[in-house]
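Below is one structure, written out as structure tokens, with a few remarks after it.
Rule-based calculations on the coordinates, nothing more; no lab input. Quick caveat: nothing in here was measured; it's all calculated off a predicted structure. Counting neighbours? That spans all protein chains shown, and the Cβs are built from the backbone with ideal geometry, glycine included.
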Amino acid sequence: WKEFSVIRAPYQCLPTGFMDETQIAQAKATIHRSTYLMEYGACFADDSDGFFRRSLIESCVTNQPINTPVSGPVQFACELQGDHRKKYIYGIDPASETDNFAIVVLECYGDHRRIVYSWTINRQELRQRMKNKGQTLERSFYVYCARKIRDLMKIFPTENIVIDSQGGGHTIAETLRDIKELEENEQPLLPYIKGGDDDVFWWEEADKPTDKEAGSHILHIVNFANAKFIYESNHGLRKDFEDKKILLPFFDSVALATSAAHDKIAHREHDTLEDAMMEIEELKDELSTIIHTQTTSGRDKWDTPEVKLPGGKKGRLRKDRYSALLIGNMVARCMINESLRPVYEARGGFAGQKRINSGSDKLYIGPDHITKKMTGIYGKGVVRG
């Protein structure tokens, strides 16, 4: 199109009384400024001004294939079931009383990671589900969430589950450990066993009380109060977005309509494919609202903007999905660093142990342009005739 016009109709231009002024005032106080301008001002910003730019996030969406160094062009969709031949990492942000319990599933490849699934729930939503089914919530909220994690493990096999220790993290870890909640062929999920001071998961505690217990030691309990962990994980996540090492599934109106049709055919009412797609869209929104500030003591802080809650109280926008992605991606980065560690081999020995050679063998492990120059200079001994 070469000839077109753009007509903006913000709410101020609408007839008086067409929209509820109270609703507009509440939206202005409770949602992010850029979202408010889009919804009520018909004004679309060129980009967000947070730590994770919206343009950067959208550049990692595979609506068009994205080239990767090893895997080649990558384009993928949101999934409800994984592949047992692939590796998955769960990032989990447990809920407090009012927040969401969020799970983000990463599918790991050698040169990139894919966000393939996301799920959230809160206490109010769970009660409503039970009410619609004519059931009562007999078990606790965390028992229900722990069962969801175990059910996901059957379709997204994993050896690494990362949980935020705050807001119920220890409670969900204890529930996953409880043998009373196990079904057939299941075993307790226990905290990771640290291998030593050089373990890639450097934030893990050594000599935990659970180290000698029987079960799967695949839980990584992280603490958001750890300033070093938060700093490295946030900057690492942004670097991965910039390098296209973490990718998002394609999304458009056709894909959304197709997912709804698949859900209808499969008779899915809850936790549908459409729900998973919209959860990832919410994840994008949360990422774009994250702002980076510093406290008076100089400590870095990543959070959402302040909003006004009912009653005039101050609060913040939710960031549950962002937190789940953040900690899951941090573990994935550490696993890649572990695979890239060089293998050191011992060279040399006592006289008489090593065969006599022409002196052409490499004496050092390192860059080729250095080892070539060092070969033949050292390593020769004096032999009595």
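For the range 39-84, the set of chymotrypsin sites (Phe, Trp or Tyr not before Pro) satisfying both a DSSP loop assignment and a count of at most 10 other C-beta atoms within 10 Å is given as 44. Computed from point charges on the beta carbon alone (+1 for Lys and Arg, -1 for Asp and Glu), the dipole magnitude for the range 1-115 about its Cα centre is near 380 Debye.
Estimated from the Cβ-Cβ distance and a Förster radius of 22 angstrom, the FRET efficiency linking residue 225 and residue 148 is about 0.25.
Can you give the relative contact order of the range 49-339 as a percent, counting alpha carbon pairs under 8 Å and 6+ residues apart?
Across the range 49-339, relative contact order equals 28 percent.
Per-residue Cβ neighbour counts within 10 Å put 245, 208, 228, 154 in the sequence 228, 154, 208, 245, beginning with the fewest. The stretch between residue 180 and residue 18, if pulled fully straight at 0.36 nm per residue, gains 52.6 nm over its current Cα-Cα span.
In the range 165-233, which chymotrypsin sites (Phe, Trp or Tyr not before Pro) are in a loop and have at most 15 other Cβ atoms within 10 Å, using DSSP for the loop call? Sites meeting the loop and neighbour criteria: 202. Have a look at 18, 36, 5 and report the one farthest towards the positive end of the charge dipole of the range 1-45, computed about the Cα centre with Cβ charges (Lys/Arg +1, Asp/Glu -1). Checked the options; the winner is 5.
Using C-alpha pairs under 8 Å with a sequence gap of at least 6, the mean separation divided by the residue count of the range 39-123 gives a relative contact order of 20 percent.
Shown here for the range 92-135: GluC sites (Glu not before Pro) in loop regions (DSSP other than H, G, I, E, B) with at most 16 other Cβ atoms within 10 Å, namely 97.
Close amide-amide hydrogen proximity is noted between residue 48 and 54, 55, each under 5 Å apart and 5 or more residues distant or on a separate chain (H modeled in the peptide plane; Pro and chain starts excluded). Exposure proxy for 205, 183, 286: other Cβ atoms within 10 Å of each Cβ, ordered fewest to most, give 183, 205, 286.
For the range 227-257, the residues whose amide N sits under 12 Å from a probe point set 7 Å from the Cα of residue 59 along the beta carbon direction are 239-245. As a proxy for reagent exposure, ranking 145, 334 by other Cβ atoms within 10 Å from fewest up yields 334, 145.
In this rough spin-label picture, where each label sits 7 Å from Cα along the Cβ direction, the residue 2-residue 193 distance is 7.3 nm. Full extension of the chain segment joining residue 252 with residue 300 gains 13.7 nm, where the gain is 0.36 nm per residue of separation less the Cα-Cα distance.
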